[in-house]
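Engineer: Following this message is one structure expressed as structure tokens.
The values are calculated or read from the model by the stated rules, or taken from the named source; none is laboratory data. Since this is a predicted model, take the numbers as computed values, not measurements. Cβ placement follows ideal geometry from the backbone for every residue including glycine, while neighbour counts extend to all protein chains displayed. Only protein heavy atoms, including side chains, enter the accessible area calculation; ligands, DNA and RNA are left aside. Shrake-Rupley method; radii C 1.70, N 1.55, O 1.52, S 1.80 Å.
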Amino acid sequence: MNEFAKQEYTRWLQNCTGETLDELRAMEGNDTLIERRFGHRQTFGTAGIRSIMGAGIACLNDYTVRQAARGLAAYLTETPGEKTCAIGYDCRHNSRRYAEICAAALAEAGVHVYVYDRLCPTPMLSFAVRYLHCDAGIVISASHNTKEYNGLKCYGADGGQMTEIPAGKVSAAIETIDLFQPVALTFEQALAQGTVEFIAQSVWQAYYDRIYREAIAPQRVREAGLRVVYSPLCGAGGEPVAHMLEKLGAEYHIPQSQKTPSGEFATCPSPNPENDASFAECYKLADEVKPDLIMATDPDSDRIAVAIPAAGGYRKFSGNEMGCLLLQYILRAMKAEGKLPHDPVAVKSVVSTPLADRVAAAYGCKMRTVLTGFKYIGGVILELEQAGHADDFVLGFEESCGYLKGDYVRDKDAVVTAMLIAEMAASSKLAGRTLADEMDALYAQYGCFAAGQTNIVFTSDEQKAACMALLEELRKQPPRAVADYPVTSVTDFRAGFETNVATGAQTPTGLPHENMLRLTLGEHGTVILRPSGTEPKIKFYYTARASSMPQAQAMIAKLEAAMKELLK
């Protein structure tokens, strides 16, 4: 055990009481666990903090949550004037407790706090920040992580996740605050004195009304008699998604085991709709009710994934596929309804499929590509808004099942997306088609695009050093080919330019600098290496294009094998 961990553990023993003290005493003698919990501090970044819940400076608990909230309060109150903050939370263990701790810590510093009276999707927090004209926002959630995790994410006055500069200031403020500084104001006291107030039901209704304005042809859902199986995966999406499906006139069914919010996630231990396993309960119910459409949202309802009945089973769409389907539907439907802007703009992350660029081009839509993280998509919306062209924004998406239509929030929103997907499926049904038919038509027109991803979680400092060394090696000496596919260009996002291998010509990326590298393999595909900003891992993203899907998937397998060989 290192000396720092030993000192911190002792300090916690001396300052903690109750259940926390019992937990600390239970780990006595377990040097490995103590070093994991006390050997390093959490880093507050643009994604806030996220970790397992438990005692220790490396974990999420009452002390570290309060310290982070006090750091945000210090940042907000460093300039004169009244400050306000909105707070939301999801279904996870301790989420409401942490929300109340944050509210009290902010109120203690003189910040007026609006907090949701029940769990809500992350995008509803973004909406509340904008609607209530707050200076900041906090959401308590660990997104799609397993039940041991929770997190605290901060938002700016625009409703988007904090960017690097303000997040850095909050992080610096956190460092100055003693974890064990006494509590001067409880949540109940703050409520009684009016410095904390619950967000009114009228804000919920305003959110619903604003989402419905993003519908293009909502009447088609009722006309098609659309049948839907939907699961909130025990999370916050149940109430708002059900509300929108009812408003559309869809017949919907929710798996009973995943209807009630629960931090246990008993029937979906990995509550990530990207994973096929998370759809198991939906498929069981679908076998009974025979739906047209199957959807699931993650615990904080900012991501959504989709499947449909197909060939005696079910076909689940990837995040990339759904992004392309939504983009084509929105552009086509808006054009048919006479609602398409003169200069439409779509936005996707750099790791998302290039098929979307081709779909956009077919409709005269400009595609903007940004770094990974929805805050960058929000940044494009802000640019358009400031230029007076917010209505030009038609869709933003990330391959990880995050989508947004509309400028009312600055984060991905599974509620508006569920509405649009239902509308899209209904339109296809009325035309005697399915979403699978629509997707296959895109592949037939533009080529078959496949994607893959390898996540390497660091289990030791040595492994982390090896992965980061590989990234630096590839940056300095890129390979001539990957799996026999020639490397035609190398994009170093940290340096901020793309280099043409044949000519040596360099082109600026025009994007913020980030420690990420892309190897382009001509028209065949790409390999991207990107260290995670929130978790101890490095991600490898692969794309491939071929004349058939089996060929494209075989290319992905070859690229993955080649990169694994390099890692050895």
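Engineer: Applying the selection to segment 52-63, what residues are open to solvent by 10 Å² or more (accessible area, probe 1.4 Å) and not in a loop (DSSP other than H, G, I, E, B)?
Structural biologist: Of everything in segment 52-63, those that are open to solvent by 10 Å² or more (accessible area, probe 1.4 Å) and not in a loop (DSSP other than H, G, I, E, B) turn out to be I52, M53, D62, Y63.
Engineer: Right, here's the next one. Any residue at all in segment 276-292 that's under 30 Å from A362 (Cα atoms) and in contact with a helix residue (DSSP H, G or I) (Cβ under 8 Å, 6 or more places away or on another chain)?
Structural biologist: Within segment 276-292, one or more residues are under 30 Å from A362 (Cα atoms) and in contact with a helix residue (DSSP H, G or I) (Cβ under 8 Å, 6 or more places away or on another chain).
Engineer: Shifting gears a bit: Checking A5 against (1) open to solvent by less than 20 Å² (accessible area, probe 1.4 Å); (2) out of contact with any Cys (no Cβ under 8 Å at 6 or more places or on another chain); (3) closer than 26 Å to G263 by Cα: exactly one of these is not met. Which one?
Structural biologist: (3)
Engineer: Among the numbered criteria (1) open to solvent by less than 30 Å² (accessible area, probe 1.4 Å); (2) part of a strand (DSSP E or B), which one does T499 miss?
Structural biologist: (1)
Engineer: Do we have any residue at all in segment 471-479 that's surrounded by 13 or more Cβ atoms within 10 Å (Cβ to Cβ), modelled with pLDDT of 95 or more and touching a Ser or Thr at 6+ places or on another chain (Cβ under 9 Å)?
Structural biologist: There is no residue in segment 471-479 that is surrounded by 13 or more Cβ atoms within 10 Å (Cβ to Cβ), modelled with pLDDT of 95 or more and touching a Ser or Thr at 6+ places or on another chain (Cβ under 9 Å).
Engineer: V129 is checked against (1) at pLDDT 95 or above; (2) over 19 Å from the mean Cα position of the chain (by Cα); (3) β-branched (V, I, T); (4) more than 30 Å from R36 (Cα to Cα) and fails just one. What number does that condition carry?
Structural biologist: Going through (1) at pLDDT 95 or above; (2) over 19 Å from the mean Cα position of the chain (by Cα); (3) β-branched (V, I, T); (4) more than 30 Å from R36 (Cα to Cα) one by one, V129 breaks only (2).
Engineer: Within segment 373-468, considering only helices (runs of 4 or more DSSP H) that don't extend past its boundaries, which have at least 2 residues that are touching a Gly at 6+ places or on another chain (Cβ under 9 Å)?
Structural biologist: It comes to 374-386, 414-430.
Engineer: For segment 307-319, does any single residue satisfy the condition of being open to solvent by less than 30 Å² (accessible area, probe 1.4 Å), within 22 Å of D90 (Cα to Cα), modelled with pLDDT of 95 or more and among the small types (G, A, S)?
Structural biologist: Scanning segment 307-319 turns up no residue that is open to solvent by less than 30 Å² (accessible area, probe 1.4 Å), within 22 Å of D90 (Cα to Cα), modelled with pLDDT of 95 or more and among the small types (G, A, S).
Engineer: Based on this model, can you work out whether Y116 counts as of a type in the set (S, T, Y), buried (at least 24 other Cβ atoms within 10 Å of the Cβ) and closer than 18 Å to G235 by Cβ?
Structural biologist: Spelling it out, it is not the case that Y116 is of a type in the set (S, T, Y), buried (at least 24 other Cβ atoms within 10 Å of the Cβ) and closer than 18 Å to G235 by Cβ.
Engineer: Going through R41, R66 one at a time, which residue ends up being closer than 24 Å to M27 by Cβ, out of contact with any Leu (no Cβ under 6 Å at 6 or more places or on another chain) and without any contact (Cβ under 8 Å) to a residue 24 or more places away in the chain?
Structural biologist: Going through R41, R66 in turn, the sole match is R41.
Engineer: Only residues that are assigned to a helix (DSSP H, G or I) and under 35 Å from the mean Cα position of the chain (by Cα): list them for segment 1-17, please.
Structural biologist: F4, A5, E8, Y9, W12 - these are the residues of segment 1-17 that are assigned to a helix (DSSP H, G or I) and under 35 Å from the mean Cα position of the chain (by Cα).
Engineer: Taking the condition open to solvent by less than 20 Å² (accessible area, probe 1.4 Å) and in contact with a Leu (Cβ under 6 Å, 6 or more places away or on another chain), does L355 pass?
Structural biologist: It is false that L355 is open to solvent by less than 20 Å² (accessible area, probe 1.4 Å) and in contact with a Leu (Cβ under 6 Å, 6 or more places away or on another chain).
Engineer: What's the total number of residues in segment 508-523 that are open to solvent by less than 80 Å² (accessible area, probe 1.4 Å) and either of a type in the set (A, V, I, L, M, F, W, C) or on the phi < 0 side of the Ramachandran plot (or both)?
Structural biologist: 11
Engineer: Output the strands (runs of 3 or more DSSP E) that fall wholly within segment 516-568 and possess 2 or more residues being of a type outside the set (D, E, K, R) and at pLDDT below 95, or say none.
Structural biologist: It comes to 525-531, 537-546.
Engineer: Among (1) open to solvent by 30 Å² or more (accessible area, probe 1.4 Å); (2) without any contact (Cβ under 8 Å) to a residue 24 or more places away in the chain; (3) within 30 Å of H253 (Cβ to Cβ), where does T434 come up short?
Structural biologist: Failing condition for T434: (2).
Engineer: Look through segment 452-467, keep the residues that are open to solvent by less than 60 Å² (accessible area, probe 1.4 Å) and either at positive phi or touching a strand residue (DSSP E or B) at 6+ places or on another chain (Cβ under 7 Å) (or both), and return whichever of them is modelled with the lowest pLDDT.
Structural biologist: Checked segment 452-467; the qualifying residue modelled with the lowest pLDDT is F458.
Engineer: Pull out all pairs, ordered by first then second residue, where Cβ-Cβ is under 8 Å, the residues are six or more apart or on different chains, the first lies in segment 1-19 and is within 13 Å of T32 (Cα to Cα), and the second is among the acidic types (D, E).
Structural biologist: M1/D31; M1/E35; N2/E35; A5/E35
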